[in-house]
1. Under a point spin-label approximation (7 Å from Cα along Cα-to-Cβ), what is the TYR1039-SER717 distance to one decimal in nm?
2. Placing +1 on the Cβ of each Lys and Arg and -1 on the Cβ of each Asp and Glu in the stretch 141-215, which of CYS173, VAL141, MET194 has its Cα farthest towards the positive end of the resulting dipole?
3. Estimate the FRET efficiency between ASN852 and VAL649 by the formula 1/(1 + (r/R0)^6), using the beta-carbon distance for r and 56 Å for R0, to the nearest 0.05.
4. Under the Karplus relation 6.51 cos²θ - 1.76 cosθ + 1.60, θ = phi - 60°, what is the ordered set of whole-Hz ³J(HN,Hα) values for the stretch 525-540, x standing for Gly and Pro?
5. With charges only on Cβ, +1 for K and R and -1 for D and E, what is the dipole size of the stretch 967-1059 about its Cα centre, in debye, rounded to 20?
6. Put +1 on the Cβ of every Lys and Arg and -1 on every Asp and Glu Cβ in the stretch 584-663; which of ASN653, GLN618, SER631 then has its Cα farthest towards the positive end of the dipole?
7. Note the full-extension length gain between TRP510 and SER309 as 0.36 nm times their separation in residues minus their Cα-Cα distance, in nm to one decimal.
8. Find how many whole Å separate the alpha carbon centroid of the stretch 628-655 from the alpha carbon centroid of the stretch 286-356.
Amino acid sequence: FAEMSWDFIVPVSLDDLVKSGAIQQYVVQDVLSPKQLPSHLNNFKAALRSQGPLCILEHFDTLYSEKASGGKGLIQWDSERETVLQCLTQLLQLDIRSLWNLSLVEEEFVSCVTCCCYKLLENPTIGHMKNKATRDAIIHVLGVMVKKYNHMLGACVKVIQLLQHFEQLSSVCAQAVSAWSSEYGVKTIVGEIMREIGQKSNDELAREGSGVKAFSSFLSELSSLIPEAMIPNISLLLTHLEGESSSMRVAVCEVLGEVLVRVLSGDKLDDSGRADRDRFLDTLQEHIHDSHSHVRARVLQVYTRIVNSKALPLCRYTEVMQLAVGRLGDKSVHVCKSAIQLLAAFIAHNPYSCKLSSVDLKKPLEKETTKLKELKESMKEKQPGTYPCLSVFLLAASLLKKSFETTTLFTYTTCMGSSRSLKSEFSSSDYIICFPLFYSHKGPEEEQASEPAVSDQPPTPQKEGEKEPEDGKENELKKQEMLVQYLKDTESFALQVERAIAVINNMLYWKTTTVVQEAVQFCVTAREFSVADSVCGVRKMLPLVWSTDTAVKEAVIQAYRRLYLNPHGDNTRAKAQTLVDSLSELMVDASLGTIQCLEEIVQEFFSNESALQASVVQALWERFSGKRETSALHRRAAVLLLGMAAREVVLSNLDTLCSVALGEKVTEDYLLARDAVITITNITDSVRVSKPPFRLPVDHHLFKTLISLSFTGVVLSDPYWQTFMEQAIRLIYFLAETPDQLCARLLQRSARLLLEQITEGGEPNQSEVLAHLLSMCGAVAFWQVSHLERSVSTELRRRRGEKEEKEEKEKGPEANDSCVEEELGLTGASAEDTEAEFIRKICETELLADGNMLSVFLPLLVKVCSSPGRYTHTQLTTAACLALSQYMMISPTVCKDNIRLLFTVLEKSPLPVVRANAIIALGDLTVRFPNILEPWTPNLYGRLCDENASVRLTSITVLTQLVLKDVMKVKGQVSEVAVLLLDSEPHIASLALNFFNELSAKDNAIYNLLPDIISRLSDPERGMKEEDFNTIMKQLFSYITKERQTESLVEKLCQRFRTAKTERQWADLAVSLSLLSMCERGFKKLQECWDCYSDKLTEDAVYHPLLSILAKLRRRAKPQFKAQVEELEKKMTAVHTKGLENVENEESEQQLDDQAPSQNSQTPQPPKSTRKTRGNETIYRFLIQTLLCFF
């Protein structure tokens, strides 16, 4: 080997070593078999001990054969690597300088060791947990090299290179730099690396592969490890806050946050630390409004950590709180989510109070402010040197400030012998100006008092004990000022929280799951701190228990568990009482929808039996039965909660429930009786669907009680009797075997009672009794139809099914042949149609036939509704109109006969409640008889313009349901819904916005409606304000996102310029065009339709919106397309300034001038000078007018 020279080429793979290469290229000559390996390995080990590493040249084939056979018997590098690195660390820590001449460690040695370490770091798996020991060993080796072998600059360069090329090494590099700085004391390396990163320009960071993400992660990780070491060098990074890289801005903000939390926090900071803290906080506040949403979100998260760590100064709470509330309206979902988290942290860690209610804080603040005022007045009375003309001197200072400039600061001395500076009352310049005036204005008493002070006589000694009361008064005054300031800050903070609640409550129904979850958590936190109106948010989230999103549903359930179903107490009984109190408070004044949602949560809680649940049921029974003294509201809440939590218990104690709620004292509380009936209905609802259905006999005590109470209440004036009566009739139809007979008897007895009263001449109560009777008629008619179409129809299907099963069993297995209809399932379908037809026939022919009790009252209902001048009683009119609408549900014939009357009532009635009820009834009739109601659709939309807010609210709610469920076709009248986007009532405006949000989910719905909406809203007869039109269109055009829709709308709107008659209509069309997200295809359509709008460009209201379209297109256009845009812009500008006719004339003249040279090419003539003359005349005219201005 010594006599020959070989070329060693590093192979790409292991197999390349056995391939035959070029001349003098080394390859493996002989691959040994496993049997030959042991002897050759022994020879290799002996040669290694005698010759050292050079023996590998002779025994390379042996090593290759070992590797090829699986490496058995050789050193396993993966297992030994950590040991080798530790040995290397120990070696490097020794003084090995004597191994080199001049006792200087050669750079080649340092490079050899460090390069091996950096090469190991490039391993993709080095950051894994299993390689932690190896990673730490490498860091220690490099730390020794940095500290003892002058490798700091090389390490800085290598760290930057690793970050640029290996993004996954950001955490590893941060750990390494942290260890070198803290464990090895090389703190300057942090500054060097931060300087290198800080000097990166925007162009460098913008290049692909620049490692900007790795730099960002590295800085964030490093600041969490050694925040103290970053403070001296943090100014090196601040330049990136003005750069274009959002990742670097995020990193710098996170570094500032870590420093503020870990270092610059607490009350023991010196002046320099407080200055740095304030400067860093100012920087963070600026970037809450950063141009990039990711930066805004991360800054809010940094603030959340600062607040959670209690590192935010109290003086900044209100300011940061306002900024966070403002970010709730951010376009980015992530920013909104982060803002909610920050606001929740503010509430949870607020330094003010555990209860944040501005209403509760108002009285204490007024009381303490009055007390402070009294203290100040008492102090002024005892103070000898007071200056009543202070405001006058301030005014004089502001007037004389420009005339006086001086640098001497004067002081004055009072008769008490104490020198005070006026600088605390004035700014420095005002103070200097005011002092001579102040001094010259002294009265005679003050002048006399000042004489002893200037004389050489010593001050009069004070009496013993005279100063102490004054000091006590001053201390009391300071304490009172601090208390008042504390209450003011607390009130301001509570008002900000209440403002945030109003916004976040509306975010509960966003489509983004994470935002909804954060909003739910915020509402829970606000409720725990008793923030005013926090119950609104808690109740508003209740319907989300029906959400199809499992995460949202679970968040709501957990929120209610945390607030209401996780009671605290010393024992089970106390916990049960606490839980009952919490749920009862929630049930008070709750709507029917809220109760239904709460039922879902309560049932889930009571699904698993426990000792606590048994105690809760017992406490509810005690509260309902009156054994435990409680209010009427809590008794009603108890009976409803019993129906949710313990259905089996209530059903087994039905008699007890009836005796308590429907007993002798029922007339004192019809609401308790109503809620008891609702509870019974809900409990038996699941029982009555059994086979056969659960029904009670007609003579059951429950029905006797309900009939008696309904009958006796007709002549009473209790406003809650009607709601009880409606629920009682509903329960009768749910449970009685022959409910129609019971209700017919009830109507007969009630009518007889009314006739007796009329006969006896009871004038004052007749209208109210008649109203009660008509309400009862409407309820019976409605539930009779429901009973036929649900209960009777279901029973017919059940009996038919049993009959078919019985017939199949009788036929037996032999009768396998069946007709084609049975195979296709037509037999069952025809049977169901027959049953449905049977039910319809009963409704049309029998319910209102002669002899039926319901038919007697229909003429009376029509007469009352059609004679509003005669029947003026509000309750009677309301009851009659509602009952008539319920009668119209019976059959199409009754509906057709009375539909005009009902719409007349809708439009002419002066009572808002009647109009609102009519809207609801007509919505139900539209679902039941759509063909009959279809011609009356414009009249339904007309109520959207009603003067009463409750009627508009009802109208938009009903129409939203009809349109979104495809019951009613969407037509041009939907423009009335668009007008409600600007309604003065926020709830109505939000419902209108929700209408369009849901409508936009339907294919092309808003796109098809937009031209008609624009025409209707821009109609001169409507007289809509221009600002209102623009606001509505901005919202509607935000739903147009498809390029093809935009192109088509451009053409349609341009064509409408031809039919538009007024300047206002032209302006509205131009504004609508400017709101479109115009693309290249839309621009071409705009060019093609030039003739449609070119003659209107002289109007500023048309020209400027169209010009804004071109400006937006030009910003993002390519060079060729940009030239087309600029050409059209010049054309528009020319028409706007000169008029279309003049521009066309100039173009025709230009064409003639261009054609003239070609026609007269044989005899060239001098060019015409008409244009030059005209231009010179214009210039001369302008010069003459300019000169005249000077004379």
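1. Result: 5.1 nm between the two label points.
2. Ranked along the dipole, the leading option is VAL141.
3. Numbers: r = 41 Å, r/R0 = 0.73.
Once rounded, the FRET efficiency stands at 0.85.
4. Result, rounded to whole Hz: 4, 4, 5, 5, 9, 6, 5, 4, 6, 5, 5, 4, x, 5, 6, 5.
5. Values: 12 positive and 14 negative charges, 72 e Å.
It comes to approximately 340 debye.
6. Towards the positive end, the residue furthest out is SER631.
7. Details: separation 201, 0.36 × 201 = 72.36 nm, distance 3.02 nm.
This chain segment gains 69.3 nm when fully extended.
8. When both Cα centres are located, 44 Å separates them.
The values are calculated or read from the model by the stated rules, or taken from the named source; none is laboratory data. Note that this is a predicted model, so its numbers are computed, not measured. When we count neighbours, we look across all protein chains shown, and the Cβ atoms used for this are built from the backbone with ideal geometry, even at glycine. Protein only, heavy atoms only, side chains kept; ligands, DNA and RNA dropped before computing areas. Shrake-Rupley method; radii C 1.70, N 1.55, O 1.52, S 1.80 Å.
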